[in-house]
Amino acid sequence: MMRNRTHHRRTDLEILRQLLASATHDASAAMSRWTDGLITLTLDEVRELPLDRVCSELSIDDSLLTMVVLSLEGELGGEMILTFDEENGRQLAASLLGREVNADPEWSELERSALTETGNILACAYMNAVTRLIDHELVPSAPYFVRDFGASVLEQALMVQAMTSDAVLICRTGFHREGEQLNWHVLFVPTDALRDRMGDALHARA
């Protein structure tokens with residue numbers, strides 16, 4: 001029985017990976033348009049991880065990161081976190097604004113807006129793809145900009161999932177600039193309810 005359950009879980013993970021690859025394709029197209037062809041995305045991994053090992057497995061520690069965070073409210077919810085190190089976040093903002101990289105320790109309102117709009121564009125592309133699949137509208141919250149310790153922010157984002165499960169599904173997407181891998185990532189963490197709804201919809205179409 002345990003072997004069958006594990007097999008079904010792995011099969012569901014493969015099916016969800018196909019969905020999220022399609023959503024990443026849509027997000028990559030949106031990102032390419034937003035950056036005038038400079039930036040594209042690829043799906044790095046879709047994994048189920050124990051809650052207490054998420055940060056270590058994703059190599060997210062207490063380093064200071066620049067992040068854009070969005071939430072999906074309700075049972076069919078989840079979290080999306082766009083992460084950069086300081087250098088790469090500044091470079092993206094400068095590219096979007098057509099300026100030199102800002103050396104001021106404080107981020108300007110324009111820089112913050114450029115990154116939050118990037119998060120908004122990516123979230124809408126992902127959520128539109130999932131919405132079409134499950135026939136249920138998913139509306140992300142307004143994105144907010146935060147500079148904080150990466151592990152702390154991720155742990156806060158997982159609090160809702162921690163109330164119902166001891167493991168979470170993590171979708172991690174990487175960024176590329178003209179073929180070069182960048183130290184930027186999008187983490188999408190659906191609740192168990194949303195994950196199950198996606199799986200049911202994919203099985204129904206199979």
TODO: Quick one: count up the residues across region 118-132 that are free of Cβ contacts under 8 Å to residues at least 24 places away in the same chain and either basic (Lys, Arg) or over 18 Å from His25 (Cβ atoms) (or both).
DONE: 1
- [ ] Kindly indicate which of His203, His176 is part of a helix (DSSP H, G or I) and farther than 17 Å from Glu75 by Cβ.
- [x] His203
- [ ] Give the residues of region 142-172 that are closer than 25 Å to Leu13 by Cβ and touching an Asp or Glu at 6+ places or on another chain (Cβ under 6 Å), sorted by residue number.
- [x] Ala151, Ala157, Thr164, Ser165, Ala167, Leu169, Arg172
Task: Qualifying positions in region 30-42 - open to solvent by less than 40 Å² (accessible area, probe 1.4 Å) and assigned to a helix (DSSP H, G or I) - done: Ala30, Met31, Ser32
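Identify, please: which residue in region 171-206 is over 19 Å from His25 (Cβ atoms) and hydrophobic (A, V, I, L, M, F, W, C) and is, among those, surrounded by the fewest Cβ atoms within 10 Å (Cβ to Cβ)?
As a first pass, look at region 171-206 and keep what is over 19 Å from His25 (Cβ atoms): 180, 183, 189, 191-197, 199-200, 203-204, 206.
Then keep just the ones that are hydrophobic (A, V, I, L, M, F, W, C); that gives 189, 193-194, 204, 206.
Values: Val189: 24, Ala193: 14, Leu194: 21, Ala204: 8, Ala206: 6.
Per the stated criteria, the residue is Ala206.
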Open item on the list: If I filter region 101-108 for residues that are open to solvent by less than 30 Å² (accessible area, probe 1.4 Å) and at pLDDT 90 or above, do I get at least one hit?
Closed with: yes
Task: Lone qualifier among Leu72, Leu41, Leu58 - being touching a helix residue (DSSP H, G or I) at 6+ places or on another chain (Cβ under 9 Å), closer than 28 Å to Ser165 by Cβ and modelled with pLDDT under 85 - done: Leu58
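Residue-by-condition table, conditions (1) in contact (Cβ under 8 Å) with a residue 60 or more places away in the chain; (2) in contact with a strand residue (DSSP E or B) (Cβ under 7 Å, 6 or more places away or on another chain); (3) on the phi > 0 side of the Ramachandran plot; (4) assigned to a helix (DSSP H, G or I):
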{"residue": "Asp44", "(1), (2), (3), (4)": "yes, yes, no, no"}
{"residue": "Ile60", "(1), (2), (3), (4)": "yes, no, no, no"}
{"residue": "Ser95", "(1), (2), (3), (4)": "yes, no, no, yes"}
{"residue": "Glu100", "(1), (2), (3), (4)": "no, no, no, no"}
{"residue": "Glu111", "(1), (2), (3), (4)": "no, no, no, yes"}
Task: Verdict on Ser141 being open to solvent by 10 Å² or more (accessible area, probe 1.4 Å) and touching a residue at least 24 places away in the same chain (Cβ under 8 Å) - done: yes
- [ ] Please work out which residue is modelled with the lowest pLDDT, limiting yourself to region 149-174 and to residues that are within 30 Å of Leu38 (Cβ to Cβ) and among the small types (Gly, Ala, Ser).
- [x] Ala157
Task: Among (1) under 22 Å from Glu57 (Cβ atoms); (2) within 14 Å of the chain's Cα centre (by Cα), the one test that Val130 misses - done: (1)
TODO: Kindly establish whether Asp135 is open to solvent by 90 Å² or more (accessible area, probe 1.4 Å), in contact (Cβ under 8 Å) with a residue 24 or more places away in the chain, closer than 22 Å to His25 by Cα and not hydroxyl-bearing (Ser, Thr, Tyr).
DONE: yes
- [ ] Starting from region 175-195, keep only residues that are at pLDDT 85 or above, then list their pairs with residues that are of a type in the set (D, E, K, R) and part of a strand (DSSP E or B) whose Cβ atoms are within a distance under 7 Å, requiring at least 6 positions of separation or different chains.
- [x] His185/Arg172; Leu187/Arg172; Val189/Glu79
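Given the structure, is Asn128 surrounded by fewer than 18 Cβ atoms within 10 Å (Cβ to Cβ) and part of a loop (DSSP other than H, G, I, E, B)?
In short, no.
The values are calculated or read from the model by the stated rules, or taken from the named source; none is laboratory data. Please read all numbers here as calculations on a predicted model, not as lab measurements. Every residue, glycine as well, gets a Cβ built from its backbone with ideal geometry; the counts of neighbours run over all protein chains shown. Only protein heavy atoms, including side chains, enter the accessible area calculation; ligands, DNA and RNA are left aside. Shrake-Rupley method; radii C 1.70, N 1.55, O 1.52, S 1.80 Å.
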